[in-house]
Amino acid sequence: MRVVLQRVTSASVSVRQQTVGEISNGLLILAGIAHDDTTTEADWLANKTAELRIFEDTNGKMNHSLVDTGGSALVVSQFTLLADCQKGRRPAFTDAATPELAKKLYEHYADALRARGIRVEQGSFGADMKVSLTNDGPVTIVIDREP
């Protein structure tokens with residue numbers, strides 16, 4: 001499982017020109033699920049996401065987490081994060097989970113964030129989505145959790 005965390009002052013996701021998720025201060029989270037991922041990886045990443053100190057304190061130091069700031073999360077599924085580009089010019093997605101498994105673990109990850117007290121909005125799994133964001137910093141962190 002791989003997540004890309006982008007600290008934002010605002011983010012939204014739309015499907016067919018309809019907004020399906022929107023947040024102000026917090027994290028836009030792009031989540032890619034691998035074929036061998038389980039709820040163990042999803043839980044570990046949710047805890048890491050919630051507690052990672054990437055928000056500034058009053059001195060401008062990254063000392064606060066999403067939980068500390070009361071920020072929100074916009075979680076968007078993105079299987080292309082699992083692209084293998086080592087050979088040729090076309091990415092291979094053989095490491096990506098089946099849609100059934102990916103949706104289950106995507107929902108589990110979002111629910112695990114909610115269990116930490118975080119307000120979570122989500123994209124529409126499997127849809128052609130348009131994501132808009134205003135990066136804060138910019139701060140972008142990639143976290144992989146190997147099974």
Scanning the range 22-63 for residues that are out of contact with any Leu (no Cβ under 6 Å at 6 or more places or on another chain), acidic (Asp, Glu), touching a residue at least 12 places away in the same chain (Cβ under 8 Å) and surrounded by 14 or more Cβ atoms within 10 Å (Cβ to Cβ) gives Glu22, Glu41, Asp43
- Task: Evaluate the range 96-108: report whether one residue or more is touching a strand residue (DSSP E or B) at 6+ places or on another chain (Cβ under 6 Å), surrounded by 14 or more Cβ atoms within 10 Å (Cβ to Cβ) and under 23 Å from Ser12 (Cα atoms).
- Result: yes
Margin query: For the structure I just gave you, tell me whether Val15 is under 20 Å from Arg119 (Cα atoms), touching a residue at least 40 places away in the same chain (Cβ under 8 Å) and of a type in the set (A, V, I, L, M, F, W, C).
Written below: no
Those residues of the range 76-95 which are buried (at least 17 other Cβ atoms within 10 Å of the Cβ) and touching a Leu at 6+ places or on another chain (Cβ under 7 Å) amount to Val76, Gln78, Leu81, Asp95
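Let's see how each residue does on (1) in a strand (DSSP E or B); (2) within 25 Å of Leu101 (Cα to Cα):
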{"residue": "Val3", "(1), (2)": "yes, yes"}
{"residue": "Arg7", "(1), (2)": "yes, no"}
{"residue": "Ala11", "(1), (2)": "yes, no"}
{"residue": "Val20", "(1), (2)": "yes, yes"}
{"residue": "Glu41", "(1), (2)": "no, yes"}
{"residue": "Thr49", "(1), (2)": "no, yes"}
{"residue": "Thr58", "(1), (2)": "no, no"}
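Where a number appears in this text, it was derived from the coordinates with a stated rule and is not lab data. The structure presented is a predicted model; accordingly, all values stated were derived computationally and were not measured. Positions of Cβ are backbone-derived with ideal geometry, glycine not excepted, and every protein chain shown enters the neighbour counts.
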